[in-house]
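The values are calculated or read from the model by the stated rules, or taken from the named source; none is laboratory data. Here the structure is a predicted model, which is why all the values come from computation and not from measurement. Neighbour counts run over all protein chains shown; Cβ positions are idealised from the backbone, glycine included.
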Amino acid sequence: MTPEEAFDAAMRYENRANPYPFFDELRKTPVVRATNGIYAVTGYEELIALAHDPRVSSDLRKGHPPTARDRRIADESVVEMMEAYGQEPSFIAQDPPDHDRARRQCMRFFGPPQSPDLIPSQEPLCQQIVNELLDRASEKATRKTRIDVVDEFAYSLPVNVICRIMGVPIEDEPQFHAWITDSLAGIFDLGPDIQTEEGQARRAKGEAANVELHEYIAGLVEKAVKTPGPGMISQLVHDDGPDGRMSPSAIVNNAILLFVAGHDSTVNLISHCVLTVLRNPWSIELLRSRPELVPGAIEEVLRLQSSVQFFPTRSALADIDIAGTTIPRGAPIYLMYGAANRDPRRFCDPDKFDPERPDNEHVGWGRGIHVCFGGPLARLEVNTAFEAFLRRVENPRLVEDPPPYRISQVFRGPRHLLVDCDGIRP
């Protein structure tokens with residue numbers, strides 16, 4: 001299998017449930033030129049090196065594809081991504097010093113040192129939401145119970161918490177949930193399937209949803225300008241910190257980044273935690289009897305099933321020689337977290353779920369200056385949800401394996417995860 005064939009196979013929707021054999025094929029050359037002039041980085045050491053390399057840019061405006069054919073295809077991708085982020089991209093698509101300033105401005109209202117209590121203070125709400133969700137499932141129970149872990153359990157917790165933190169009205173959830181779902185399915189579908197008639201229709205629907213989502217968040221920003229209220233959006237609008245205030249456009253794009261990433265990837269991780277232990281039933285009793293292993297088990301699931309498989313914004317600012325490959329200046333670079341997390345040169349038995357795995361320094365949260373902004377919050381949410389599921393759900397069993405997956409190659413997770421159980425404990 002050529003690198004192009006392996007990359008295309010990994011991106012196809014039909015392989016979304018298990019792209020890892022194709023990542024293994026790609027990793028035979030840990031940095032390799034794949035489809036459309038993309039350089040896929042699947043080796044762990046190589047990914048770490050490039051994640052910290054200042055010659056690798058995350059600013060979409062700086063990439064210059066190396067050939068005419070690659071230029072045409074990659075320029076189309078850049079235009080689509082720029083339309084998604086607007087003229088002032090969020091900090092995930094910026095380089096220092098702009099990145100550093102925007103991330104500092106957001107972190108002032110999210111974590112230490114200015115807001116050290118924000119995330120710990122969410123724990124009571126997390127516990128309340130999780131127990132209410134399981135209580136609701138218990139009320140519907142007859143002799144046996146079927147739960148859609150995605151829709152009825154994993155989704156509600158992070159979306160409620162991020163709405164509270166951002167100052168987004170939770171009563172608008174049905175509206176923005178549809179926009180986010182369509183936007184991620186359309187704009188972040190980067191595989192060969194997008195060239196089909198169905199793929200083009202999905203892309204058009206995603207672009208329209210993205211516009212509506214931007215308009216919605218812009219409306220919240222305008223409202224905060226006139227009437228300050230609780231939440232990060234209003235705090236950013238009225239920020240009097242040392243870095244000054246963000247422009248309205250930057251507030252909108254950073255708010256969308258934090259809002260979408262602040263719940264979507266957490267839904268994927270909670271769902272994959274449940275899916276993984278049900279595929280390894282022996283681990284359920286282990287984690288029930290030794291709950292101190294739950295945090296490490298979550299990190300192991302994130303290694304095995306990275307919620308964000310890669311992010312398509314990086315490019316080379318200069319020719320970069322690495323692992324016997326030269327990445328030419330301007331070429332797009334995909335740091336493939338999901339592949340690097342199963343590199344056998346770094347992890348023993350990389351396809352095995354080991355809740356007690358030692359030295360588990362995976363890259364599921366990213367690395368370098370773009371390491372996951374909301375990692376501490378996600379850990380709190382997933383730990384709360386996963387521990388409660390293990391403790392309260394009796395004899396859970398998968399209904400369908402593999403479950404149906406969502407479209408996006410970037411934000412990878414089950415669309416539904418049906419689980420039968422014998423009941424819900426109090």
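Do we have any residue at all in the range 144-162 that's modelled with pLDDT under 95, out of contact with any helix residue (DSSP H, G or I) (no Cβ under 9 Å at 6 or more places or on another chain) and among the aliphatic types (A, V, I, L, M)?
Checked against the condition, which is being modelled with pLDDT under 95, out of contact with any helix residue (DSSP H, G or I) (no Cβ under 9 Å at 6 or more places or on another chain) and among the aliphatic types (A, V, I, L, M), the range 144-162 yields no hits at all.
Counting just the residues of the range 168-202 that are charged (D, E, K, R) and free of Cβ contacts under 8 Å to residues at least 60 places away in the same chain, which one comes out nearest to GLN409 (Cα to Cα)?
ASP182
With VAL252, VAL260 as the choices, which residue is more than 30 Å from PHE23 (Cβ to Cβ) and out of contact with any strand residue (DSSP E or B) (no Cβ under 6 Å at 6 or more places or on another chain)?
Working: VAL260 fails: more than 30 Å from PHE23 (Cβ to Cβ).
Testing whether each residue is more than 30 Å from PHE23 (Cβ to Cβ) and out of contact with any strand residue (DSSP E or B) (no Cβ under 6 Å at 6 or more places or on another chain) leaves just VAL252.
Please tell me if ALA84 is assigned to a helix (DSSP H, G or I), crowded, with 17+ Cβ neighbours inside 10 Å and modelled with pLDDT under 95.
Yes; evaluated as a whole, the condition is true for this residue.
Yes or no: ILE147 within 29 Å of LEU418 (Cα to Cα), in contact (Cβ under 8 Å) with a residue 60 or more places away in the chain, among the β-branched types (Val, Ile, Thr) and not in a helix (DSSP H, G or I)? Explain how you work it out, then say what you get.
Numbers: within 29 Å of LEU418 (Cα to Cα): yes; in contact (Cβ under 8 Å) with a residue 60 or more places away in the chain: yes; among the β-branched types (Val, Ile, Thr): yes; not in a helix (DSSP H, G or I): yes.
When the stated conditions are applied, ILE147 passes them.
Can you tell me which of GLU356, GLU400, GLU361, GLU394 is in contact with an Asp or Glu (Cβ under 7 Å, 6 or more places away or on another chain) and surrounded by fewer than 16 Cβ atoms within 10 Å (Cβ to Cβ)?
Values: GLU356 fails: in contact with an Asp or Glu (Cβ under 7 Å, 6 or more places away or on another chain); GLU400 fails: in contact with an Asp or Glu (Cβ under 7 Å, 6 or more places away or on another chain); GLU361 fails: in contact with an Asp or Glu (Cβ under 7 Å, 6 or more places away or on another chain).
Among GLU356, GLU400, GLU361, GLU394, only GLU394 is in contact with an Asp or Glu (Cβ under 7 Å, 6 or more places away or on another chain) and surrounded by fewer than 16 Cβ atoms within 10 Å (Cβ to Cβ).
Which members of the range 245-267 meet the condition of being more than 19 Å from the chain's Cα centre (by Cα), among the hydroxyl-bearing types (Ser, Thr, Tyr) and either assigned to a helix (DSSP H, G or I) or under 22 Å from ALA178 (Cα atoms) (or both)?
Residue satisfying the conditions is SER249 alone.
Could you name every one of the strands (runs of 3 or more DSSP E) located completely within the range 323-426 that has at least 3 residues being under 26 Å from GLU46 (Cα atoms)?
Counting at least 3 such residues, we get 325-327, 332-335.
Answer yes or no as to whether ASP8 is assigned to a loop (DSSP other than H, G, I, E, B) and either modelled with pLDDT of 90 or more or in contact with a Leu (Cβ under 8 Å, 6 or more places away or on another chain) (or both). It would help to see each step written out before you state the result.
Details: assigned to a loop (DSSP other than H, G, I, E, B): no; either modelled with pLDDT of 90 or more or in contact with a Leu (Cβ under 8 Å, 6 or more places away or on another chain) (or both): yes.
So ASP8 does not fit the description; no.
How many residues does the range 398-412 hold that are at pLDDT 95 or above and under 19 Å from ALA185 (Cα atoms)?
3
Out of the residues in the range 257-303 meeting the condition of being modelled with pLDDT of 95 or more and among the small types (Gly, Ala, Ser), tell me which one is nearest to ILE92 (Cα to Cα).
Going through the qualifying residues, I end up with SER271.
Just checking, does the range 89-108 include any residue being out of contact with any Pro (no Cβ under 9 Å at 6 or more places or on another chain), modelled with pLDDT under 90, outside any helix (DSSP H, G or I) and surrounded by 18 or more Cβ atoms within 10 Å (Cβ to Cβ)?
Yes; the residues of the range 89-108 include at least one that is out of contact with any Pro (no Cβ under 9 Å at 6 or more places or on another chain), modelled with pLDDT under 90, outside any helix (DSSP H, G or I) and surrounded by 18 or more Cβ atoms within 10 Å (Cβ to Cβ).
Among the listed residues GLY229, GLY241, which satisfies the condition of being surrounded by fewer than 20 Cβ atoms within 10 Å (Cβ to Cβ) and closer than 16 Å to ALA102 by Cβ?
Residue meeting the stated conditions: GLY241.
Among (1) more than 25 Å from PRO174 (Cα to Cα); (2) in a helix (DSSP H, G or I), there is one condition ASP239 misses while meeting the rest; what is its number?
(2)
Test ALA154 against the stated conditions and say whether it is surrounded by fewer than 21 Cβ atoms within 10 Å (Cβ to Cβ), within 20 Å of HIS272 (Cα to Cα) and among the aliphatic types (A, V, I, L, M).
No; evaluated as a whole, the condition is false for this residue.
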